[in-house]
Amino acid sequence: MDLLSNIALGLSTAFQLQNLLFCFLGVLLGTAIGVLPGLGPLATIAMLLPLTFKVASPDAALIMLAGIYYGAQYGGSTTAILVNLPGEPSSIVTALDGYQMARKGRAGTALGIAALSSFFAGTVATVLIAVAAAPLASLAFEFGPAEYFSLMVLGLIAAVVLAQGSVLKALAMVVLGLLIGMIGTDVNSGVARFSFGLPQLYDGLEIAVIAIAVFGFAELISAIEERQVRSTFNAGIDRVLPSRAELREAAAPAMRGTLFGSILGVLPGGGATLSSFTSYAVEKKLSKTPEQFGKGALAGVAGPEAANNAGAQTSFIPMLTLGLPSNPIMALMIAALMIHGIQPGPQVMTSNPTLFWGLIASMWLGNVMLVVLNLPLIGLWVRMLAIPPRILAPAILMFCIIGAYSMDNSTFDIWMTIPLAALGYLWRKLDCEAAPLLLGIVLGPLLEEHLRRAMILSRGSWKIFVQEPLSCGLLATAAVLLVLVAVPAIRSQRERAFAE
Amino acid sequence: MTLQIKNKRDFYSGLMFILFGVLFAGAAARYDFGAPAQMGPGWFPVVLGALLTLLGLLIGLGACGLQAREADVEPLAWRELGLVLLAIALFALLLPSFGAVVSIICLVVICAWAGREYRPRETALVAVALAVICDIVFVRGLGLPIESWPTFIGG
């Protein structure tokens, strides 16, 4: 069977010594930054992106960067359970019941269930990617410029609708991102747009530099400003392996969580955070004892933990098969591919089979490592939390600055982070989400290119976007989504859903 | 009826989007606009800039509407913001000629200053530790083209 030989190829790639090493490094680093609040996977991946080019093959680089992303989900839930401090937004709901379990002396059980649910979800998601990738990629080959344009419009609209907060502001952030994406030389005419005569801007702004500034630096400034006080963990950890009865109790929520995560992860703007919130809400509705939620319900840990891990992994599907990012992390993955000279898109599967299948196989392998690693290392992670911010802040700052510098080995990129960090900080204060901006920046040039090509093909007739059935369907879906959020009744329901 | 700014966060966001929209569209107006069948380099950015200005207007007006939620903008921490940005700028300025060690010491000291916690011994330790990590990992390990020590000494 084709699938089996592909998986065999993937496993043999993932088991190569260099790749194993980078996978291990990725999940370890991912867990560490997942534990630490204030440094997320986005800033870490952005920081390491240019460095991976120097030390690793593209396969190993992608394997490591992916490991950081799903490793962070594990790390985030560890601190959520032990000290009620979600390291990542995707583990906010885990803290609700996980921390209550820890306070009742069931910290070990909560951690064990979280790890096993994540592992189960990770395994299912890996299989799902392997099965769904090939048909999706072959579908993508049928896409013309009009379809690509409409698909990206739908993706951006969906990302806006699913984002938290004001739809209009998120939409404006996307458009601002598209405009920032225009900076640099226009491929069709050779005109250097918005470059102020600076030759360093002819190639545009590096997405990793923007991510470092807007997410890394801006977050750091907020952290220094707030000087958050931390609770410490003092209760002991009981047995980590759950009993058979507990496993049975967690099985159904974990399976449902996997299902939600797998579906929501593929959607643009989806991914780990949305998946975990949805799963928690559903488990609470389905539960026979909803009053237990928030007081240490096992299902409130198992479901969201499965969901965030599944969501983190299936969000790779559109990136790998269509070359389109569904969230900012995937936008950075695309940047990583391009640094290594690989054009993202449906052809990656055939042109770089070891990269494609190796990455998928490594995700499963990384999940195994995380389960084996994490449970014995919990003590270490807890101790890491005790590092005060006054030590952490300069360290994060140094790594971020050198990360920005190494992008092009020039201080120009460091200078660029200064206005961007100030803007990122301002956006935080104004409640403007920066994630849609990053999607816009990556998709900007692609969107323009496909729009131009489609219009040349149609000799200037806008009808092409509605005459092609697939393109018309995609645009109609985008329009329906926009109309739906504009209807007041649904809008209030959406706000309530996010408030939960 | 007087217009009242209820949601200050939305109002200032709207202003910012209008500013960006006008700036981008204005700058793009200098490029060839072209026609739909043959779009010039100015077409897409001008349209997007206009769209951003429109969205900014909607957001800004929405903040003054009757149903707008009351929301104030938290005060900006100018001191912390300024000091961190200063630390970044000094790093960029010092790195090429003074090398990584001097730049890192400078960075750590400014960070300690921003955090308002003065522990000289700890600050010194952090600076030394980071400088060592930088030298081993970035300069020797990854071979980044940066010097650890000032280039005009020893050369």
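The values are calculated or read from the model by the stated rules, or taken from the named source; none is laboratory data. Nothing here was measured: the structure is a model prediction, and the numbers come from that model. A quick note on method: Cβ atoms are made from the backbone with ideal geometry, for glycine too, and the neighbour counts reach across all protein chains shown.
Among the residues of region A:388-403, the ones that are surrounded by fewer than 18 Cβ atoms within 10 Å (Cβ to Cβ) and either aromatic (Phe, Trp, Tyr) or in contact (Cβ under 8 Å) with a residue 12 or more places away in the chain (or both) come to 0 in all. Of all residues being within 24 Å of A:Ser222 (Cβ to Cβ) and charged (D, E, K, R) in region B:105-155, which is modelled with the highest pLDDT? Just the residue, please. Residue satisfying both the conditions and the ranking: B:Glu122. Here the condition is being β-branched (Val, Ile, Thr), over 21 Å from A:Gly341 (Cα atoms) and at pLDDT below 85; of A:Thr79, A:Thr44, it holds for A:Thr79 alone. Spot the failing condition for A:Leu17; the list is (1) in contact with a helix residue (DSSP H, G or I) (Cβ under 8 Å, 6 or more places away or on another chain); (2) more than 25 Å from A:Ser117 (Cα to Cα), and only one is missed. The failed condition is (1).
Yes or no, residue by residue, for (1) assigned to a strand (DSSP E or B); (2) modelled with pLDDT under 95; (3) within 7 Å of chain A (Cβ to nearest Cβ):
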site: B:Leu52; (1), (2), (3): no, no, yes
site: B:Leu55; (1), (2), (3): no, no, yes
site: B:Leu76; (1), (2), (3): no, yes, yes
site: B:Val84; (1), (2), (3): no, yes, yes
site: B:Ala92; (1), (2), (3): no, yes, yes
site: B:Pro96; (1), (2), (3): no, yes, yes
site: B:Ala100; (1), (2), (3): no, yes, no
site: B:Ser103; (1), (2), (3): no, yes, no
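Is there a residue in region A:79-95 that is buried (at least 24 other Cβ atoms within 10 Å of the Cβ) and charged (D, E, K, R)? Within region A:79-95, one or more residues are buried (at least 24 other Cβ atoms within 10 Å of the Cβ) and charged (D, E, K, R). In region B:66-89, the qualifying residues are those that are touching a Leu at 6+ places or on another chain (Cβ under 7 Å) and more than 24 Å from B:Ile5 (Cβ to Cβ), and the one that is surrounded by the fewest Cβ atoms within 10 Å (Cβ to Cβ) is B:Ala87.
Any idea which residue in region B:1-15 is nearest to the other protein chains (Cβ to nearest Cβ), counting only those that are among the hydrophobic types (A, V, I, L, M, F, W, C) and surrounded by fewer than 17 Cβ atoms within 10 Å (Cβ to Cβ)?
If we take residues in region B:1-15 being among the hydrophobic types (A, V, I, L, M, F, W, C) and surrounded by fewer than 17 Cβ atoms within 10 Å (Cβ to Cβ), then B:Leu15 is nearest to the other protein chains (Cβ to nearest Cβ).
Identify all residues within region A:291-331 that are of a type in the set (Gly, Ala, Ser) and surrounded by fewer than 24 Cβ atoms within 10 Å (Cβ to Cβ); write none if there are none. Across region A:291-331, the qualifying residues are A:Gly294, A:Gly296, A:Gly323. Within region A:437-481, the set of residues being among the acidic types (Asp, Glu) and over 25 Å from the mean Cα position of the chain (by Cα) comprises A:Glu449, A:Glu468.
Among the residues here, B:Arg119 does not qualify as touching a residue at least 24 places away in the same chain (Cβ under 8 Å) and surrounded by fewer than 18 Cβ atoms within 10 Å (Cβ to Cβ). Mind checking whether some residue in region B:16-35 is assigned to a loop (DSSP other than H, G, I, E, B), more than 7 Å from chain A (Cβ to nearest Cβ), crowded, with 17+ Cβ neighbours inside 10 Å and not acidic (Asp, Glu)? Looking through region B:16-35, none of the residues is assigned to a loop (DSSP other than H, G, I, E, B), more than 7 Å from chain A (Cβ to nearest Cβ), crowded, with 17+ Cβ neighbours inside 10 Å and not acidic (Asp, Glu).
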